[in-house]
Amino acid sequence: MHLFKYRNRELLAEDVHVKKLAEKYGTPLYIYSYNTLLRHFKAYDEAFDGYPHIICFALKANSNAAILRLFAKNGSGADVVSGGELFRALKAGVPSKKIVYAGVGKTEEEIRYALKSKILMFNVESENELREIDRVAGKIRVRAPIALRINPDIDPETHPYISTGLKKHKFGIPIEDALEYYKLASRLKNIDVVGIHKHIGSQITKVSPFVDALKRILILVDELTGRGVKIQYLDIGGGLGISYREEEPPLPKDLAKNLLPLLDGRKLTLIMEPGRSIVGNAGILVTKVLYLKKGVEKEFVIVDAGMNDLMRPSLYGAYHHITPIVKKKRRTILADVVGPICESADFLAKEREMPEVRQGEYLVVMSAGAYGFSMSSNYNSRPRAAEVMVKGEKHYLIREREKYDDLTTREKLPKFLNL
């Protein structure tokens, strides 16, 4: 569910006209619905109410400070994968004891920063990383709380680029090797084993992969308990999908209904890392039609948002519904919606049957709240978009549009090139 609806044929974000926001702040423009964000976060919290749990929002999906603060004020933790994400989470007010740190390539500097910040735990991906965390913790005379990321070899039936739980992937430790890794972790003098972690992928639209993965992990938990390794935190990752077309993915309550019976009677704290399922449908990208171009077999709708603003269609061939801001009777055309970037891969939609549009009209790219701005770049020296949050009848600028000066602010000319 989201709160982007047509009223009197014009699209509104909650109670604010999207067209007015586009005219005020320019395009490309990201718009987020406060009440949709809050509703989606609470859907997780309420679904797992009654069982000890921490919802650690995955910053990779959307790391805007206002959105992070909204979640933090409602009890959220954070799933981070870099020192920068850790910095953002702490600055937004996320308690350090609700932060888990994943990712296959943590640097010494990042490990030290996380240890000094006293995060809840590292999700460790390899033996080398485990030993490095032990070494760094020893240098600063602290003990590092860790979980091992276990790869349960479960097919999440999603896009191969966002599937992470099979043996062939770079993520995690094979489940058949897990006991040996936990033995090693227990022997390292600067390591505290506190948890177990798994994450099998993203945009998963069935409950069964989550159930199958959890069953395999719980067998391992029992084996570890029998060997005297106490697991306090069970991190089941994220990955619940959203509706981009007409899909009807399971809801957090469906996930809870199927997972909680498996956890009954266990003294564990459950950690979840939702990202897309909270922010995806809570955000849109508004773009302006610059030109219309007739091709031999189809038409081209050239807009001012490109692959640098929204990478998903170019990277994954991902589908986003695209609609005019004003709904009226129009003929249907077959078109590619393309941006201004000098790449053939620069498109928002290919061979899409869509309503005919006019030059100067605004279009809305739906379900753009996750992996939209967070994956954007300055490619072709394009300033990044502005971001706005709408709450009821009010709206707030939560990120200014970059200016040309911002593109070179960190660059330095060597003296021999001075004029």
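The values are calculated or read from the model by the stated rules, or taken from the named source; none is laboratory data. Keep in mind that this is a model prediction, so the values were computed, not measured. In this analysis, Cβ positions are derived from the backbone assuming ideal geometry, glycine residues included, and neighbour counts consider all displayed protein chains.
Taking the condition in contact with a helix residue (DSSP H, G or I) (Cβ under 7 Å, 6 or more places away or on another chain) and free of Cβ contacts under 8 Å to residues at least 60 places away in the same chain, does Ala72 pass? No.
Within the stretch 267-314, if we keep just the residues that are without any contact (Cβ under 8 Å) to a residue 24 or more places away in the chain and of a type in the set (Lys, Arg), the residue that is farthest from Ala13 (Cα to Cα) turns out to be Lys267. Restricting Val194, Val104 to those that are surrounded by fewer than 19 Cβ atoms within 10 Å (Cβ to Cβ), closer than 30 Å to Ser208 by Cα and at pLDDT 95 or above reduces the list to Val194.
Taking the condition modelled with pLDDT of 95 or more and either outside the structural domain of Lys329 (by TED's automatic domain parsing) or acidic (Asp, Glu) (or both), does Val18 pass? So Val18 fails the test. How about the stretch 291-307: which of its residues are assigned to a loop (DSSP other than H, G, I, E, B) and at pLDDT below 95? Result: Gly295, Val296, Glu297, Lys298. Of all residues in the stretch 36-53, those that are closer than 17 Å to Lys5 by Cα and surrounded by fewer than 16 Cβ atoms within 10 Å (Cβ to Cβ) total 1.
One line per residue, one yes/no per condition, for (1) of a type outside the set (Ser, Thr, Tyr); (2) surrounded by fewer than 17 Cβ atoms within 10 Å (Cβ to Cβ); (3) under 19 Å from Leu290 (Cβ atoms):
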position	(1), (2), (3)
Leu334	yes, yes, no
Ser344	no, yes, yes
Arg358	yes, yes, yes
Leu363	yes, no, yes
Ala370	yes, no, no
Ser377	no, yes, no
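Answer yes or no as to whether Ala147 is modelled with pLDDT of 95 or more, over 29 Å from the mean Cα position of the chain (by Cα) and more than 20 Å from Lys206 (Cβ to Cβ). Criteria not met by Ala147. Residues that are surrounded by fewer than 16 Cβ atoms within 10 Å (Cβ to Cβ) and either in contact with an Asp or Glu (Cβ under 8 Å, 6 or more places away or on another chain) or not in a helix (DSSP H, G or I) (or both) within the stretch 219-252 comprise Arg227, Gly228, Lys230, Arg245, Glu246, Glu247, Glu248, listed in sequence order.
Within the stretch 79-136, which residues are among the small types (Gly, Ala, Ser) and touching a residue at least 60 places away in the same chain (Cβ under 8 Å)? Write out each step before concluding.
To start, the set of residues in the stretch 79-136 that are among the small types (Gly, Ala, Ser) comprises 82-84, 89, 92-93, 96, 102-103, 105, 114, 117, 126.
Result: Ala102, single match.
Could you tell me which residue of the stretch 254-290 is surrounded by the fewest Cβ atoms within 10 Å (Cβ to Cβ), considering only residues that are assigned to a helix (DSSP H, G or I) and in contact with a strand residue (DSSP E or B) (Cβ under 6 Å, 6 or more places away or on another chain)? Steps first, please.
First pass over the stretch 254-290, keeping only residues assigned to a helix (DSSP H, G or I): 254-263, 276-282.
Of the ones still in play, those that are also in contact with a strand residue (DSSP E or B) (Cβ under 6 Å, 6 or more places away or on another chain) are 277, 282.
Working: Ser277: 28, Ala282: 30.
By that ranking, first place goes to Ser277.
A quick yes/no check of all residues on (1) surrounded by fewer than 19 Cβ atoms within 10 Å (Cβ to Cβ); (2) β-branched (Val, Ile, Thr); (3) touching a Leu at 6+ places or on another chain (Cβ under 7 Å); (4) in the same structural domain as Leu11 (by TED's automatic domain parsing):
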residue: Val337; (1), (2), (3), (4): no, yes, yes, yes
residue: Arg382; (1), (2), (3), (4): no, no, no, yes
residue: His395; (1), (2), (3), (4): no, no, yes, yes
residue: Asn418; (1), (2), (3), (4): yes, no, no, no
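Only a single criterion out of (1) assigned to a loop (DSSP other than H, G, I, E, B); (2) under 25 Å from Arg149 (Cα atoms); (3) touching an Asp or Glu at 6+ places or on another chain (Cβ under 9 Å) is not satisfied by Ala61, namely (3).
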